[in-house]
1. Of a type outside the set (S, T, N, Q), over 30 Å from Gln4 (Cβ atoms) and part of a loop (DSSP other than H, G, I, E, B) - does that describe any residue in region 81-90?
2. For region 1-25, give me the residue count where each residue is within 18 Å of Ala156 (Cβ to Cβ) and either at pLDDT below 90 or of a type outside the set (Phe, Trp, Tyr) (or both).
3. Among the residues of region 58-80, write down those that are part of a loop (DSSP other than H, G, I, E, B) and either β-branched (Val, Ile, Thr) or on the phi < 0 side of the Ramachandran plot (or both).
4. Within region 17-63, which residues are under 14 Å from Pro92 (Cα atoms) and in contact with a His (Cβ under 7 Å, 6 or more places away or on another chain)?
5. How about region 25-57: which of its residues are among the charged types (D, E, K, R) and either part of a strand (DSSP E or B) or in contact (Cβ under 8 Å) with a residue 40 or more places away in the chain (or both)?
6. Working carefully through the options Ala158, Ala132, find the one that is out of contact with any Phe, Trp or Tyr (no Cβ under 9 Å at 6 or more places or on another chain), at pLDDT below 95 and either at negative phi or not hydroxyl-bearing (Ser, Thr, Tyr) (or both).
7. If I ask for residues that are free of Cβ contacts under 8 Å to residues at least 24 places away in the same chain, more than 15 Å from Pro79 (Cβ to Cβ) and of a type outside the set (A, V, I, L, M, F, W, C), which ones from region 137-154 would you list?
8. For region 91-129, which positions are in a strand (DSSP E or B) and at pLDDT below 95?
Amino acid sequence: MAPQVGSVIGNHYPMCFGCGLSHPTGLHMRVVSGEGLRITAEFEVTASHQGAPGLAHGGLLAAACDEALGALNWALQRPAVTARLETDFRRPVPVESVVYLDAQIIGVHGRKVYARGTGRLDGPDGPEAISAAALFIQVPIEHFVEHGRAEDVDQAAADRAAGHGPTFSTFDVNP
């Protein structure tokens, strides 16, 4: 049930800052399923993403890492939330740069999912600009219903019912 290698993993919610195409200043990240437990992703740093003049905001780059590493959970077909994110900044990222991310799951233990990735400039073989490691905790779908804003949760459910966005198969995340 995991996405096929080379397939684009659609946004999980149109207003998601990371992958949503309807978010006016979001990353609009494009994520592609890779071999095994791996993804690649890319996004363009826009003027709306700057911190220092002409450079990407560090928090934005951390958010991009969180989005890319979080997308790995589609390979496991389990919803998960970020428990810990560690980001290292290697070089400045200018506005109008395209950041290419490569991420993989490096371990799963119970409900814990460990991931890491790197972001490069000027193509997948370009200089490393950021690296990150994360811990995700698998949660039941009810987590989002209980904690999310009702109108947004309802819209996401309606989108799924209409066949929009990726879906998880039926499973028990708390055996």
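1. Yes.
2. Result for region 1-25: 14.
3. Leu72, Arg78, Pro79
4. Hits for region 17-63 are His49, Gln50, Gly51, Ala56, His57, Leu60.
5. Listed by number, the residues that qualify are Arg30, Arg38, Glu42, Glu44.
6. None of the others qualify; the one that does is Ala158.
7. Across region 137-154, the qualifying residues are Arg149, Glu151, Asp154.
8. none
The values are calculated or read from the model by the stated rules, or taken from the named source; none is laboratory data. A quick note: this is a predicted structure, and the numbers were derived from the prediction, not measured. Cβ sites come from the backbone with ideal geometry, for glycine too, and all protein chains shown count toward neighbours.
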